[in-house]
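Some notes on the structure that comes next.
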Number of protein chains: 6
Amino acid sequence: MTTVRMDQLSWVEYARRVSEESPVVFLPCGATEQHGPHLPLGTDALLASALCEDVAARVGGLVAPALSYGYKSQPKCGGGNHFCGTTSLDGQTLIALVRDAVREFARHGVTRLVLVDGHYENQWFVTEGIELALRELGPTAKLQVMRLEHWDFCSEQTLADVFPEGFPGFALEHAAVIETSLMLHYLPNLVRIDLIPNDPPADFPPYDMYPSRTEWVPPSGVLSSAKGSSAEKGARMAGDICNGIAQAVRKEFAL
Amino acid sequence: MTTVRMDQLSWVEYARRVSEESPVVFLPCGATEQHGPHLPLGTDALLASALCEDVAARVGGLVAPALSYGYKSQPKCGGGNHFCGTTSLDGQTLIALVRDAVREFARHGVTRLVLVDGHYENQWFVTEGIELALRELGPTAKLQVMRLEHWDFCSEQTLADVFPEGFPGFALEHAAVIETSLMLHYLPNLVRIDLIPNDPPADFPPYDMYPSRTEWVPPSGVLSSAKGSSAEKGARMAGDICNGIAQAVRKEFAL
Amino acid sequence: MTTVRMDQLSWVEYARRVSEESPVVFLPCGATEQHGPHLPLGTDALLASALCEDVAARVGGLVAPALSYGYKSQPKCGGGNHFCGTTSLDGQTLIALVRDAVREFARHGVTRLVLVDGHYENQWFVTEGIELALRELGPTAKLQVMRLEHWDFCSEQTLADVFPEGFPGFALEHAAVIETSLMLHYLPNLVRIDLIPNDPPADFPPYDMYPSRTEWVPPSGVLSSAKGSSAEKGARMAGDICNGIAQAVRKEFAL
Amino acid sequence: MTTVRMDQLSWVEYARRVSEESPVVFLPCGATEQHGPHLPLGTDALLASALCEDVAARVGGLVAPALSYGYKSQPKCGGGNHFCGTTSLDGQTLIALVRDAVREFARHGVTRLVLVDGHYENQWFVTEGIELALRELGPTAKLQVMRLEHWDFCSEQTLADVFPEGFPGFALEHAAVIETSLMLHYLPNLVRIDLIPNDPPADFPPYDMYPSRTEWVPPSGVLSSAKGSSAEKGARMAGDICNGIAQAVRKEFAL
Amino acid sequence: MTTVRMDQLSWVEYARRVSEESPVVFLPCGATEQHGPHLPLGTDALLASALCEDVAARVGGLVAPALSYGYKSQPKCGGGNHFCGTTSLDGQTLIALVRDAVREFARHGVTRLVLVDGHYENQWFVTEGIELALRELGPTAKLQVMRLEHWDFCSEQTLADVFPEGFPGFALEHAAVIETSLMLHYLPNLVRIDLIPNDPPADFPPYDMYPSRTEWVPPSGVLSSAKGSSAEKGARMAGDICNGIAQAVRKEFAL
Amino acid sequence: MTTVRMDQLSWVEYARRVSEESPVVFLPCGATEQHGPHLPLGTDALLASALCEDVAARVGGLVAPALSYGYKSQPKCGGGNHFCGTTSLDGQTLIALVRDAVREFARHGVTRLVLVDGHYENQWFVTEGIELALRELGPTAKLQVMRLEHWDFCSEQTLADVFPEGFPGFALEHAAVIETSLMLHYLPNLVRIDLIPNDPPADFPPYDMYPSRTEWVPPSGVLSSAKGSSAEKGARMAGDICNGIAQAVRKEFAL
């Protein structure tokens, strides 16, 4: 049986591959966060994992167990942390989690590590976790780390085609067309298309308020409509993302 | 589709169940740790998750995404942290992870929470995470938390039958008969029976040394033989564990 | 003498104003970071402070001493932390700094607090600092906090006029036309127009690498050209920003 | 334009000076703290900065942006943290702030660093920040750090002349003759001589109580009278301090 | 005067012994915790210290001052933290305390360090403290550390003789026959045999509940009866423990 | 047997006294630090404990186990942390240790707590520990805490008599006449008068250098001579200190 999932490999097989193949190890960084009535709470981790497995299969890589909990959801990109079910970490916890994981992969002898973030709010804490691990490992460490948000690999042409009336921007793309289409592509059984809400897109001011003004956010938690999502659009975007990451990985890690 | 997995539910469905049913929420606490040549690195999280899903189905509960990384493996119970593939957290990281998760479940309105630990080394850091969360929540919080190591629910009779030549104790039961049998019961595709090593049981002194004396540990990472493992034994132990937890949950949470 | 600067007021005067006027208190969040050969290292804190003082004068507010050090500069938005002179904080340090300051303003009786961020890399750590302070203060606290990046208040029309050949996006606007023009408006003596470099705009891939690929960044540290900067453009953008923040403050704090 | 202020230099100029001149870098450590009705909240940071600039001009040094927030004011040396306007950091926050700054200056190639403390309560946390940074930098680091409280450089003769009726000790010299005179020397516009209170000197027991016995402290926050303060006295003390620090710097850093 | 107690030696004598003799340094890890009506709150630290002194005398070692406060008492091994007098540390505090101490002994030149734990709840936090210190010291450090719980050195024969009706297990041995007998051997003046309670042994389920179910624990705090304790039994167990540790130390440290 | 030592009391007796008598609880804060060739490493904790027991006997108080490790020794008040045998904590560790202990005494129902510091370097970290505990306990907590350095209770007349040639100040009183005399009074067996060094008093500049200029400190570690120490002087100073603390305690705690 061949698998790209690290948690399904024995340590003997993992150790062999790391030492003989210097594979790219992918670490999916997700969240447990409301994604409207039509997508599951695990969307961010599930999608990041699915994309990682897809890319890993193309580049001979491995996928580590996802970080299933992420930084606190914010109203303007994730609906906000007041939703029931959203289960978030303090910034320092996420920083430490990433730092520890990176440190351990370096100890294993991994030299090519990619953190694939599927939750917008994670990115700076993931960054700091990497920075702290590398500082601790010191200047002689051989580990190189790539960090990315997967949606940034959708090409402009794809976005133009997927959003014929204009792309509303990644900010509002929470539980909307991109995530819903990707889920329809990878995990269609977990999508309830019939429950996609009809809320108009949220309209946020150029600032944040704390405590959150929860009335800014549609009660469904969906920031712009997921209407028009389809498995085909998901397949196309997944193609962009996986090709893009594979290409980036080959270039930066000299595969 | 009915599921016990929180990450497969929408927040709307999760919120409805939490407010209407006060379900028991199970949080599997695992690790990414060597388990010999015949079991996968994810064994602890996979087993804890499988057991949680099994129990949850019996008591109308829900299963939160597992903590897939755990505290540093120690030679005498997990082989030690020097194995390639073992990917561990600092104590403070695990404490914070548990504290944050417990705090969030309390915010959701969850009142019945069970942390099912599948990695021996986790237990005191998980305990501290719960203690810190409850202190922060204050004396008026309605949340009650159960914490357990799943193997402690195997009955004496079962252990006597499974180990006719005498139970070597949980200490040496790393990647051995209990875990291998449970994996054969729940996830047989991930077990390579043909690769079970023949190492004699490890013999440890009543103290620990740091840096680890790695020569104390069999090179395979298996602390006592997994020979004799079977799906049947796994089913029997899984029955004990699930019945036991279900009973405990009904009693303590007055279901 | 009338001043909006908190550090120039005696505590007696500050206390009187807080209790009698419930003024908006502005906390500028800056950095000490390379801004090319033509702008000073203190640009982010200096600009955030100047804008705060400008707005505070309009809304009867007060300006607290700036946070002069910020989170680690990143290549794609600040050139990267490898530049000599860039002097950065760990994420946890900045989180704690903001948390402590917010907690103290709440203790003073301040109910309207605005954190004006002038350093892109700060935003998530500033957010977490606010979140932690509010959690600690509890649900009965009267403090409301606004957080913003000042450039987000430039109107689309202004950006269209300032960048007739198309706005390159805030990402590349480090030490470029916006910051240089704002400095020419507020602190012209600190700008060396003659030293503006001719580097073409940086072209970054949709991912980050750690350790930083410093060759991605122009040696000057300027991510897109500051050519065409002028005090007039600065005045116009400062007008947008100050009007916008003043309006936001009046709306959200019901002044 | 020549400046000693780091925040007014471009990174190019700063980098050139650090590499060519090995200048002494001064980091003023202040606070935002009540200083009676006649001195501003920013006194500690303003004075520390002014003194640093004065010394830096004499020794060819540079002055980094001040730490504007300090450790919690204590009744017996700063009036106590209960005053409105006093805005303080937790000890751990200040420790981390100093540690990060020192680490960064070392990275720049700075080898001569002086932390000039203007807030009595800061000193041990500043010390710990330096200790932690140096431990992290390791025994081969070239950085040497001087730490001082500026008032300790007033000569005995000066104190005898400034306090003809006897020096009450630095403990009670909060917002009193030394600080007021130094402010009259450096920043006279920020002093309101007409508002100097007539409170008799505070009389403290040889212990502290927590929560603070706020009745121990004069309501004005002034621990001994500032009557008799003058710009002349300020000039004389500033001379002592600046000469003393310059001399110390030349001696210890072999300039 | 000859002493094994580090706190009674001058630094000159300590330094001489460390450099000339490479002595084993013992660090007793105790607690301040209820031990029923018949044993004092300091039992864990007092016993760990007494045993360390006994062993140190045999192997030419030294005993550092005990850690007198330990991790939070748990119902099933220490009665629980709700008892008045039990005075416990957070996990992170104990980790840091151990880490700092180990780091310092390494700096002294100590190469043989033994942490003797007398409080069951301490063990994982003590372990993490050692792990963190060794990671910080790096792979070239010469320090080796042994960690142990002292009761694990009682031989099976001794346990069989001391408990003729069957050993109830270390879990219930809190303030019971082992600790009481050891105290009668080492510190009889601190034992009140007349106050030994008659509570039957506690009967705990295979899980923990938080907040603690205090009704699980006998009101006396004694988990199984101390009846039958004697100085003779204490002497015999002390002999096992001291011989065992001495032997372990000689073997592992090649004395 | 009557004792003031908490560690010698059973929890039952401690609980009874706390609830019936509201006794003052004393927590000695010491260090493990070089004290020259004539005093033991434990001097600070031993003296603080002895003084606490002396005072407690006078006011019906109790003495908790001492904190035996303190903050890093500094050259100008303790000789510096480079001495072998000096075993110090990071600032954050000491803060946490004090915070945890204070929190626990409050939980016991203790309302009168006195932290008696015997190590100059501890004071600000002890202060922060108290501040953090009280903030956590909230404004309704009944606990009041006194903090002191014991030597501050020596009367001026006593100092004049003990130092006929003039008191050199507490700064240089490390392992000198005060500490040596107090040890001769309380623990004469631990003093080696014959080994008191003849070093002249250390002469420190008004600043500190890091890394420490160890050549500033006499090789013996004694900052001013202990010649002339006597048990009689110790008794007189102990009398001042104990009377002074007893009086302070009666006044502030309304005994």
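Scan the range A:59-86 for residues that are within 18 Å of residue A:124 (Cα to Cα) and facing another protein chain (nearest Cβ under 9 Å) and jot them down.
A:66, A:67, A:68, A:69, A:71, A:72, A:74, A:81
Out of C:109, C:118, report the one residue that is among the small types (Gly, Ala, Ser), modelled with pLDDT of 95 or more, within 23 Å of residue C:46 (Cβ to Cβ) and in contact with a Cys (Cβ under 8 Å, 6 or more places away or on another chain).
Unique residue meeting the criteria: C:118.
Keeping to the range B:98-110, report how many residues are touching a Gly at 6+ places or on another chain (Cβ under 7 Å) and at the interface with chain A (Cβ under 7 Å from one of its Cβ atoms).
1
Say we look at the range A:133-145 and pick out the residues that are at the interface with another protein chain (Cβ under 7 Å from one of its Cβ atoms) and closer than 18 Å to residue A:95 by Cβ; which of these is farthest from the chain's Cα centre (by Cα)?
Result: A:134.
So, in the range C:73-82, how many residues would count as being assigned to a loop (DSSP other than H, G, I, E, B) and either modelled with pLDDT under 95 or surrounded by 24 or more Cβ atoms within 10 Å (Cβ to Cβ) (or both)?
Residues meeting the conditions: 2.
Only residues that are more than 7 Å from chain E (Cβ to nearest Cβ) and either touching a Leu at 6+ places or on another chain (Cβ under 9 Å) or charged (D, E, K, R) (or both): list them for the range F:2-21, please.
F:3, F:4, F:5, F:13, F:16, F:17, F:20, F:21
Collect the residues in the range C:33-72 that are among the charged types (D, E, K, R) and part of a loop (DSSP other than H, G, I, E, B), keeping them in residue-number order.
C:33, C:72
Please count how many residues of the range D:188-201 are touching a helix residue (DSSP H, G or I) at 6+ places or on another chain (Cβ under 6 Å) and touching a residue at least 40 places away in the same chain (Cβ under 8 Å).
Selection size over the range D:188-201: 2.
For residue E:56, state whether it is among the hydrophobic types (A, V, I, L, M, F, W, C) and either farther than 26 Å from residue E:136 by Cβ or within 7 Å of another protein chain (Cβ to nearest Cβ) (or both).
yes
Would you mind telling me which numbered condition in (1) within 14 Å of chain F (Cβ to nearest Cβ); (2) buried (at least 24 other Cβ atoms within 10 Å of the Cβ) residue E:114 fails?
Condition not satisfied by residue E:114: (1).
Would you confirm, using the coordinates I've provided, whether residue F:236 is more than 14 Å from chain D (Cβ to nearest Cβ) and not in a loop (DSSP other than H, G, I, E, B)?
When the stated conditions are applied, residue F:236 passes them.
Any idea which of (1) buried (at least 24 other Cβ atoms within 10 Å of the Cβ); (2) hydroxyl-bearing (Ser, Thr, Tyr); (3) in a loop (DSSP other than H, G, I, E, B) is the one residue D:88 doesn't satisfy?
The failed condition is (3).
Pairs under 6 Å by beta carbon, first residue over 18 Å from residue C:30 (Cα atoms) in the range C:141-165, partner of a type in the set (S, T, N, Q), six or more apart or different chains?
C:142/C:111; C:143/C:111
Hand me the list of helices (runs of 4 or more DSSP H) wholly inside the range E:105-214 holding 3 or more residues that are in contact with an Asp or Glu (Cβ under 8 Å, 6 or more places away or on another chain) and closer than 26 Å to residue B:131 by Cα.
E:123-137
Determine if the range C:37-48 includes at least one residue that is at the interface with chain D (Cβ under 10 Å from one of its Cβ atoms), within 17 Å of the chain's Cα centre (by Cα) and among the acidic types (Asp, Glu).
Yes: the range C:37-48 contains one or more residues that are at the interface with chain D (Cβ under 10 Å from one of its Cβ atoms), within 17 Å of the chain's Cα centre (by Cα) and among the acidic types (Asp, Glu).
For the condition under 18 Å from the mean Cα position of the chain (by Cα) and more than 23 Å from residue B:61 (Cα to Cα), what is the one hit in B:205, B:211, B:188, B:218?
Answer to the check: B:188.
Which residue is nearest to the other protein chains (Cβ to nearest Cβ), if the candidates are limited to the range C:203-217 and must be touching a residue at least 12 places away in the same chain (Cβ under 8 Å) and surrounded by 19 or more Cβ atoms within 10 Å (Cβ to Cβ)?
The selected residue is C:208.
Has the range B:229-248 got any residue that is in contact with a Gly (Cβ under 9 Å, 6 or more places away or on another chain), surrounded by 23 or more Cβ atoms within 10 Å (Cβ to Cβ) and not basic (Lys, Arg)?
no
Could you list all residues from the range F:215-233 that are of a type outside the set (Lys, Arg), in a loop (DSSP other than H, G, I, E, B) and out of contact with any Asp or Glu (no Cβ under 6 Å at 6 or more places or on another chain)?
F:217, F:219, F:221, F:223, F:224, F:225, F:226, F:228, F:229, F:230
Given the residues F:87, F:3, which is the only one that is in contact with a Phe, Trp or Tyr (Cβ under 7 Å, 6 or more places away or on another chain) and either within 22 Å of residue E:62 (Cβ to Cβ) or not hydrophobic (A, V, I, L, M, F, W, C) (or both)?
F:87
The values are calculated or read from the model by the stated rules, or taken from the named source; none is laboratory data. Since we're looking at a predicted model, the values are computed, not measured. As a convention, Cβ positions derive from the backbone with ideal geometry for all residues, glycine included, and neighbour counts pool all protein chains shown.
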